[in-house]
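Down below is the structure, laid out as structure tokens.
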């Protein structure tokens, strides 16, 4: 049975459809999962083929699947915040606590302990070029450094501006 597709003016049928590389069927793009790594941002296999393949893999690799489930269960024992610290900065929650303790429990810049809104922790400051962690900052100091884009010359000009009451 052939289907009739009515497309909006200026949109070709090719822009709305995609061919699955597994089953070779041409389907609407919403029948494909998103994938940031591909040029069109969609998986090459349709959802139906991907699901069948996943079920077959689980059926044929039950021991490996069970092992992965057990391992992922251990990973889930960490809080999402702890997982984020490891993923984003390469530090553990204990590393974070140790850094904060070494700073006297306060922001490395303003020397105050400030939490904003629902925030449970102060911010991990890191170099955006090297990704090296520098210390723990309150939200205000972290935003200030971000606004200066980690540019020391800009920060020095700001210091001189403040010292000279606006006159540079």
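The values are calculated or read from the model by the stated rules, or taken from the named source; none is laboratory data. Just so it is clear, the model here is predicted, and its values are computed rather than measured. Every residue, glycine as well, gets a Cβ built from its backbone with ideal geometry; the counts of neighbours run over all protein chains shown.
With respect to residue 90, is the statement that it is out of contact with any strand residue (DSSP E or B) (no Cβ under 8 Å at 6 or more places or on another chain), in the same structural domain as residue 155 (by TED's automatic domain parsing), closer than 28 Å to residue 155 by Cα and modelled with pLDDT of 80 or more true? In short, no. When you check residue 96 against the structure, is it touching a helix residue (DSSP H, G or I) at 6+ places or on another chain (Cβ under 8 Å), in the same structural domain as residue 149 (by TED's automatic domain parsing) and farther than 21 Å from residue 148 by Cβ, yes or no? Considered against the rule, which asks whether it is touching a helix residue (DSSP H, G or I) at 6+ places or on another chain (Cβ under 8 Å), in the same structural domain as residue 149 (by TED's automatic domain parsing) and farther than 21 Å from residue 148 by Cβ, residue 96 comes out as yes. Taken over segment 13-55, residues that are more than 29 Å from residue 65 (Cβ to Cβ), loosely packed, with under 11 Cβ neighbours inside 10 Å and outside the structural domain of residue 66 (by TED's automatic domain parsing) amount to 2.
Taken as a whole, the condition of being under 30 Å from residue 125 (Cα atoms), out of contact with any strand residue (DSSP E or B) (no Cβ under 7 Å at 6 or more places or on another chain) and at pLDDT below 85 applies to residue 77. Scanning segment 130-166 for residues that are within 17 Å of residue 91 (Cα to Cα) and without any contact (Cβ under 8 Å) to a residue 24 or more places away in the chain, we see that the one that is surrounded by the fewest Cβ atoms within 10 Å (Cβ to Cβ) is 130.
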